[in-house]
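Written out below as structure tokens is the structure these notes cover.
Nothing in this text is a laboratory measurement; each read-out follows from the coordinates by a stated rule. It should be emphasised that the depicted structure is a prediction, and the values quoted were computed from it without experimental measurement. Quick reminder, even Gly has a Cβ in these numbers, built from the backbone with ideal geometry, and neighbours come from all protein chains shown.
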Amino acid sequence: MHKGKEGLPSALQTINIAQMLEHYRLSEEDESRLHALQPLMEKAVDDLLPGFYEFIFSFEHARIFLHGEEILQKHSSGIRQWFIALFCGTYDESYFQQLHRISETHVRIGLPSHYVNTAFSFVRNFLEKLLIETENRESLAAMNKIIDINLDILSLTYREQIQQQLIGEVLLLKQALEYQSVEPYVQPITELQTGEITKFECLMRIVNPKNGEVFSIYPFLEIAKNIKLYEGLMTLMIQHSFDVFRTLPWTFSINLGYEDIADEHFLEFLYEQIENFPQPNRIIFEILESDFIEDFNIVFNFVSIIREYGCQIAIDDFGAGYSNIENILKLKPDYLKIDASLIRKIDTSETAYTVVKNVANMAKELHIQTIAEHIHKEEIFDIVKSLQIDFAQGYYTGRPFTASELLK
């Protein structure tokens, strides 16, 4: 009962149904065996479902993807129909279209592909046990074939989506380099006691040269590093940021990761840029607290060199969990940027409030200024100010905007 691929959704156009069934050696005899089992499976599905969901929900975060009674009921109904259809005996274009719709649903609700694989392992084990108990061993091979075919098809939409997304991301990053369309956005940093904006943090944005759409670099960081475009993007970011602030009065900060600090070629470029900047004391380099784990000596050597130029240092995401105080104090940072996860909860969590208060007190004793990140509402702003933290940053005090606007 095999048909070709005409009329199939785009994700299935790349396969030939007849060839796939032949590849898995699903014969007409197998189809007959499977169809003969359908009455048994219509009864067995009621035994399958409770154990199936007990197994699925034993995995962390499963309810994130199958949350709410309505979604769960729809999913359960879909699993029931899919399970019984395994034994329909007619594996034609209509059957594969239905599989594709199931896969699209998984993608739409954000169900990770490994959950699909996990579910299949449970169903396969259930069926193997059932067929042995009911003396249907001769149908085991046919059952495994149709399970493998289903797993192949239900993974196809994921593969196509990931492939298309990857192509689009690579193209965007390559065009950003080709057209130098890396633009720094800036977010104000406000001095809490005076209300004056005295600093800006520079944030990398990728601008699509074709339509002007703006993207944060963070979702693309991993792929940029994998395809060796990251250094070029950071080079443009440094150049454009320095060019904007060259004639402006404000201090500005730039985030550097461990990859930047450990890259000798990039550092040569960076040091040259600093040497040609009129007031290096207006430059702050933000280093993630977690980057100290990699190799503290590399971080220490970098900080020692830029100190000689007069640049300043901030420890970013301080309090996020690593907190090697001894190494941090060796750097003698100018600023501690208190981690957003603490600031966001400071009005509802006594623990977060206590940690932030202690960080602020410690910093004052060590003559290090503090910056509270991600302040998004008045209540948090007031608490941070009452703790005598030095600076505030977040949507409540100022959203990011293109750095070129400062020149106006």
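A few notes on this one:
- 3J(HN,Hα) from dihedral phi, the range 179-193, Karplus parametrisation 6.51/-1.76/1.60, rounded to Hz, x for glycine, proline: 9, 6, 8, 9, 10, x, 9, 10, 10, x, 10, 9, 6, 5, 6
- Candidate aspartates and glutamates for bridging to Lys210, where Cα separation is under 16 Å - those fewer than 8 sequence places away on the same chain excluded: Glu169, Glu178, Glu183
- For the range 362-392 and the range 255-317, distance of Cα centres in Å: 24 Å
- Proximal aspartates and glutamates relative to Lys145, as straight alpha-carbon distance under 20 Å, when same-chain residues fewer than 8 apart are discounted: Glu22, Glu28, Glu29, Asp30, Glu31, Glu42, Asp92, Glu93, Glu128, Glu133, Glu135
- Per-residue Karplus couplings for the range 388-400, computed as 6.51 cos²θ - 1.76 cosθ + 1.60 with θ equal to phi - 60°, are listed in order as 6, 5, 7, 9, 10, 9, x, 5, 5, 9, x, 7, x Hz, Gly and Pro entered as x.
- An ellipsoid equivalent to the chain, defined through the eigenvalues of its Cα gyration tensor, has semi-axes of 56, 26, 18 Å when rounded to whole angstrom and sorted largest first.
- Karplus 3J(HN,Hα) series, Hz, for the range 344-349 with 6.51 cos²θ - 1.76 cosθ + 1.60 (x for Gly, Pro): 4, 9, 5, 8, 10, 10
- Amide H to amide H, with H built 1.01 Å from N, Gly394 comes under 5 Å of His374, Ile375, counting only residues 5 or more places away or on other chains.
- Environment charge of Gly319, counting only residues whose C-beta is closer than 11 Å and scoring Lys/Arg +1, Asp/Glu -1: -4
- Local electrostatic count at Leu34 - Lys and Arg +1, Asp and Glu -1, tallied over other residues with Cβ under 12 Å: -3
- Dipole magnitude (debye, nearest 20) for the chain, charges at Cβ of Lys, Arg, Asp, Glu: 600 debye
- Sum of -39500 (n - 2.57) over DSSP H runs of 4+, divided by residues of the chain (222 nm, nearest 500): -17000 deg cm²/dmol
- Neighbour counts of other Cβ atoms within 10 Å put Tyr53, Tyr335, Tyr271 in the fewest-to-most order Tyr271, Tyr53, Tyr335.
- Counted charge near Gln388, where neighbours are those whose Cβ lies closer than 15 Å (Asp, Glu -1; Lys, Arg +1): -1
- Unsatisfied cross-links (Cα-Cα over 22 Å) in the set Lys225/Lys330; Lys199/Lys332; Lys332/Lys364; Lys337/Lys408; Lys174/Lys199; Lys330/Lys364: Lys225/Lys330; Lys337/Lys408; Lys174/Lys199
- Farthest positive-ward along the chain dipole, Cα basis, beta-carbon charges - from Thr198, Val123, Val303: Thr198
- Two tests apply to each whole DSSP H helix in the chain, Cα reach of 27 Å or more along its axis and mean Kyte-Doolittle hydropathy of at least -0.5, and the ones passing both are 113-133, 140-178.
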